[in-house]
Each structure stands twice: as C-alpha cells, then as structure tokens.
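See below for the structure under consideration.
The values are calculated or read from the model by the stated rules, or taken from the named source; none is laboratory data. Given the structure is predicted, the values throughout are model-derived calculations rather than measurements. Here the Cβ is made from the backbone with ideal geometry for all residues, glycine too, and neighbour counts use every protein chain on show.
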Amino acid sequence: MKEKFKSWAFSKEHGKCDVITLIIYLLGVCTVSFFHEPWFDEAQSWAIARSGTIKEILFEIPHYEGHPPLWHLILAPFAKLGAPYELSLAAVNIFFMTLAVAVLLFKSPFPKLIRCLLPFNFFLFYQYGVVSRPYSVLTLSFFLAAAFYPSRNKKPLRYVFSLAFMCMIHSFGIIFAGGLCVVWLSEIISKYVKEKHF
C-alpha cells in the first residue's frame with residue numbers, strides 16, 4: 001500500500017487527478033467568493049473601469065494607480081455595460097485564476113501530490129483566487145512564462161508574449177519580466193561567445 005501511494009504521489013503523469021483538483025479548486029473558490037465582501041481596492045478598480053474613459057485608463061490613471069492599465073481594461077466592458085458589481089468582479093477573477101491553476105496542473109513538471117496540493121495554499125486559493133485584484137492575471141502570466149521557458153529558444157514568441165502579458169498587468173510584472181529578459185539575454189550572449197570562441 002505504501003509503495004503504491006509513493007508511486008502515485010511521485011508520478012509526473014497528468015490525468016484524472018489534475019481534472020478533479022481543478023474542479024474542486026473552482027468549486028471552493030466560487031463558494032468562498034460568494035461570502036467575500038469586496039475590499040476598497042477591489043471596489044476602486046471597478047469604479048475606475050466604470051467611470052474612466054479609455055483614454056484616461058490608458059494614459060492618466062496608471063500614473064497614480066501604480067500599475068499598468070490592463071486590469072481596468074479587462075473590467076471595463078462589464079462595468080460600463082452595467083453588469084452586477086460583485087458577481088462580475090468575482091467571475092473575472094475566478095476565470096483568470098482557474099486558467100492559472102489549469103496551467104499549473106497540466107503543464108508543470110512537479111510530482112502529482114505537490115501539483116494537487118499547491119492550488120489550495122493561502123495565496124493561490126484565497127489571496128489571488130477570491131480577492132479580486134490584478135494578481136490573478138499576474139499569476140497566470142507567471143505560470144505561462146514558466147510553461148514556455150523550456151522552449152524559449154525554439155519558440156520565442158510564446159515566451160515573449162507571456163513576458164509582455166506580465167508587464168501589462170502589474171508593476172511587479174515589469175520587474176520580473178525585466179529580470180527574466182536579462183537572464184535570457186545573458187544566456188544568448190554566453191552561447192554566442194562560446195560558439196565564436198572569443
């Protein structure tokens with residue numbers, strides 16, 4: 001029995017367990033979100049998306065908001081069309097976090113046990129899954145960058161897209177993407193130097 005569990009827990013195969021984990025995650029986040037009362041910063045994002053013009057969201061508001069405008073642009077169609085505030089805000093956030101967790105479950109190289117437990121830590125489940133902030137989209141961009149990282153030299157556009165996506169959602173994303181670009185550039189230069197035998 002112990003050996004069977006070990007073999008299951010440390011297996012890196014993707015399958016039913018990942019699907020079940022994703023469904024449980026989605027149901028759990030939806031349930032907790034139902035009882036969550038949005039905080040002032042969640043409401044502020046919605047108010048900006050509802051009241052700001054596209055020009056203001058793109059060129060003026062980011063100066064005092066401290067992060068790029070993509071989150072407000074994502075919320076804008078719902079807010080401007082008069083969709084229910086709490087329901088729409090939660091639905092958008094849950095959508096992006098569910099995508100992020102799906103990438104984690106189906107694309108990560110972690111053993112099955114770790115993959116199936118990770119979505120239920122405090123940050124992925126509550127802080128980013130329930131509290132509706134741009135971090136849900138930032139998490140998705142991080143996981144996409146990690147999934148595309150191994151093939152970055154063969155298929156660079158996917159990796160570059162994930163880094164650009166990271167930059168458009170949050171100021172922290174700009175810092176992380178910049179760091180990853182520096183590492184990637186240093187790898188390219190190092191490989192070039194070795195090949196040319198400088």
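Checking each residue in region 43-83 for being acidic (D, E) and either within 19 Å of the chain's Cα centre (by Cα) or in a loop (DSSP other than H, G, I, E, B) (or both) picks out only E60.
Out of L105, L89, which single residue is over 19 Å from F40 (Cβ atoms), at pLDDT 95 or above and in a helix (DSSP H, G or I)? Talk me through it step by step, then tell me what you get.
Numbers: L89 fails: over 19 Å from F40 (Cβ atoms).
Result of the check over L105, L89: L105.
Tell me which residues, restricted to region 47-70, are out of contact with any His (no Cβ under 6 Å at 6 or more places or on another chain), buried (at least 16 other Cβ atoms within 10 Å of the Cβ) and of a type in the set (A, V, I, L, M, F, W, C). Within region 47-70, I61, L70 qualify. Scan region 121-136 for residues that are in a helix (DSSP H, G or I) and surrounded by fewer than 16 Cβ atoms within 10 Å (Cβ to Cβ) and jot them down. Within region 121-136, F122, F123, Q127 qualify.
All but one of (1) surrounded by fewer than 20 Cβ atoms within 10 Å (Cβ to Cβ); (2) touching an Asp or Glu at 6+ places or on another chain (Cβ under 6 Å) hold for L99, so report the exception by its number. L99 satisfies every listed condition except (2). Residue pairs whose Cβ atoms lie under 7 Å apart, sitting 6 or more positions apart in sequence or on different chains, and linking a residue in region 172-198 that is of a type outside the set (K, R) to a partner that is in a loop (DSSP other than H, G, I, E, B), are W184/R152.
Would you check which residues across region 33-42 are surrounded by 15 or more Cβ atoms within 10 Å (Cβ to Cβ) and assigned to a helix (DSSP H, G or I) and list them? Walk me through how you get there before you give the answer.
Here is the first cut: in region 33-42, the ones surrounded by 15 or more Cβ atoms within 10 Å (Cβ to Cβ) are 33, 36, 38, 42.
The answer is S33, E42.
Output the number of residues of region 67-87 satisfying the condition of being in contact (Cβ under 8 Å) with a residue 12 or more places away in the chain and over 19 Å from A164 (Cβ atoms). Reasoning before the result, please.
Looking only at region 67-87, we keep the residues that are in contact (Cβ under 8 Å) with a residue 12 or more places away in the chain, and these are 67-76, 78-80, 85-86.
If we keep only those that are over 19 Å from A164 (Cβ atoms) too, we end up with 75-76, 78-80, 85-86.
The total comes to 7.
Criterion first (crowded, with 20+ Cβ neighbours inside 10 Å and at pLDDT 95 or above) does L118 satisfy it? No: the conditions fail for L118.
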